Amino acid sequence: MSEKPTVRVQPQSRSTFKVFRQITTRWEDNDVYGHINNAVYYSYVDTAVNAYLIAQGALDIHAGKTIGLVIENHCNFFSPLAFPQIIEAGIRVSGALHPRLCQRP
């Protein structure tokens, strides 16, 4: 059986993202290897999206009844990040939005 060669995903151009939010890394984001822990990247996604919604007046986390949800996200790691560093998170809506019903136990 022959193995297929691994194809490395390439970073997308900044022009594919319409909005950017700056996020300052924190000391606690680093892991024992001296770079940002992989799981922290997903908190950056939530931070970027919700900060954008708040800035646009679409989300009031103190008195509003609306909540902001990141329904699906995906990370590809291209280079390590570490504290202290300021990163720019690109935000975009990818694909059509369709109402979905998910049931979880």
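When only residues in the range 19-38 that are surrounded by 10 or more Cβ atoms within 10 Å (Cβ to Cβ) and in a loop (DSSP other than H, G, I, E, B) count, which is farthest from the chain's Cα centre (by Cα)?
From the range 19-38, those surrounded by 10 or more Cβ atoms within 10 Å (Cβ to Cβ) are 19-26, 29-31, 35-38; that's our starting set.
With in a loop (DSSP other than H, G, I, E, B) added as a condition, the list becomes 25-26, 31, 35, 37-38.
Details: T25: 14, R26: 16, D31: 19, H35: 17, N37: 14, N38: 12 Å.
Checking each candidate, the answer is D31.
Hey, can you tell me all the residues within the range 19-38 that are modelled with pLDDT of 90 or more and out of contact with any strand residue (DSSP E or B) (no Cβ under 8 Å at 6 or more places or on another chain)? Walk me through it before giving the result.
Start the filter on the range 19-38 by keeping residues that are modelled with pLDDT of 90 or more, which leaves 19-37.
Those that are modelled with pLDDT of 90 or more and out of contact with any strand residue (DSSP E or B) (no Cβ under 8 Å at 6 or more places or on another chain): R26, W27, E28, D31, V32, Y33, G34, H35.
If L53 satisfies every condition in (1) over 25 Å from F83 (Cα atoms); (2) crowded, with 16+ Cβ neighbours inside 10 Å; (3) touching a residue at least 24 places away in the same chain (Cβ under 8 Å) but one, which is the exception?
The number of the failed condition is (3).
Between R14, R8, which is among the charged types (D, E, K, R) and without any contact (Cβ under 8 Å) to a residue 24 or more places away in the chain? Full working, then the answer.
Values: R14 fails: without any contact (Cβ under 8 Å) to a residue 24 or more places away in the chain.
Being among the charged types (D, E, K, R) and without any contact (Cβ under 8 Å) to a residue 24 or more places away in the chain holds for just one of R14, R8, which is R8.
Condition first: among the basic types (K, R) and modelled with pLDDT under 85. Now tell me which residues in the range 60-80 satisfy that.
none
The values are calculated or read from the model by the stated rules, or taken from the named source; none is laboratory data. Fair warning: this is a prediction, and the values are worked out from it, not measured in the lab. Backbone-built Cβ (ideal geometry, glycine too); neighbour counts: all protein chains shown.
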